[in-house]
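Here is the structure we will look at, set down as structure tokens.
The values are calculated or read from the model by the stated rules, or taken from the named source; none is laboratory data. The structure presented is a predicted model; accordingly, all values stated were derived computationally and were not measured. Note that each Cβ is placed from the backbone with ideal geometry, even for glycine, and that neighbours are counted across all protein chains shown.
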Amino acid sequence: MNNGYELLTCKDKGQGIFATKQFHSGEIVMVGVIEKDNIDENHSHASQMGEFRYALHGGEITKVNHSCNPNCGINLNNAGAHDFIAMHPIEIGEEVTFDYAMRNYIIEHFPYTCCCGAKNCRGRITGWKDLPESFKSTYKGYVAPYLIEIDVQLKN
Ligand SMILES: [Zn+2]
């Protein structure tokens, strides 16, 4: 079965998800399914779903790597899980990436240097809280809704 992506082992950063077909901008690349909801801890594979709510997604979507210049963003689906949506056209063989800041307000578990290799790499994997405005505006419409809610609350 061809879902449009496959899990491969890359030379320098472990495993990653790669496109096996082309995706148009706005197309769903991977459908998120929540495996375990309401876990009370923020850990490296947890997705933040609310200010104090974390969930674990299941399946290969958890293998998608971070990039500071991602080709996917997040959309909350009807089941309350995060789908990955193409922000740009994605070519066959291209690695599917997103920015961890799109779903986590604070990143506590990636203290080390970012090695995504993007030209605009921030050098460190930061959460939404520490994300520069220039990134936030680029990601508009592609981040977990609760992050936008926090920003609105902080402004008022
Ligand atoms: Zn980076």
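Numbers below:
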item	result
Hits in the range 61-92 - residues which are of a type in the set (S, T, N, Q), buried (at least 17 other Cβ atoms within 10 Å of the Cβ) and without any contact (Cβ under 8 Å) to a residue 40 or more places away in the chain	71
Test: residue 63 is in contact with a strand residue (DSSP E or B) (Cβ under 6 Å, 6 or more places away or on another chain), of a type in the set (Lys, Arg), more than 16 Å from the ligand (Cβ to nearest atom) and at pLDDT 90 or above	yes
Which numbered condition residue 32 fails, given (1) without any contact (Cβ under 8 Å) to a residue 40 or more places away in the chain; (2) not in a strand (DSSP E or B)	(1)
Test: residue in the range 77-85 that is in a strand (DSSP E or B), more than 16 Å from the ligand (Cβ to nearest atom), within 23 Å of residue 4 (Cβ to Cβ) and of a type in the set (Asp, Glu)	yes
Number of the condition not met by residue 60 [criteria: (1) over 10 Å from the mean Cα position of the chain (by Cα); (2) over 13 Å from residue 29 (Cα atoms); (3) assigned to a helix (DSSP H, G or I)]	(2)
Scope the range 86-113; condition under 10 Å from the mean Cα position of the chain (by Cα) and assigned to a strand (DSSP E or B); matching residues	97, 98
Test: residue in the range 123-134 that is surrounded by fewer than 18 Cβ atoms within 10 Å (Cβ to Cβ), within 16 Å of the ligand (Cβ to nearest atom), assigned to a helix (DSSP H, G or I) and of a type in the set (Ser, Thr, Tyr)	yes
Hey, residue 100 surrounded by 14 or more Cβ atoms within 10 Å (Cβ to Cβ) and in contact with a helix residue (DSSP H, G or I) (Cβ under 6 Å, 6 or more places away or on another chain) or not	no
Where residue 117 falls short, out of the listed (1) within 14 Å of the ligand (Cβ to nearest atom); (2) under 16 Å from residue 75 (Cα atoms); (3) part of a loop (DSSP other than H, G, I, E, B)	(2)
Checklist (1) surrounded by 15 or more Cβ atoms within 10 Å (Cβ to Cβ); (2) touching an Asp or Glu at 6+ places or on another chain (Cβ under 7 Å); (3) at pLDDT below 95 applied to residue 58, failing item	(1)
Any chance residue 66 is farther than 22 Å from residue 140 by Cβ and not small (Gly, Ala, Ser)	no
Given (1) in contact with a strand residue (DSSP E or B) (Cβ under 8 Å, 6 or more places away or on another chain); (2) part of a loop (DSSP other than H, G, I, E, B); (3) more than 16 Å from the ligand (Cβ to nearest atom), number of the condition residue 18 does not satisfy	(2)
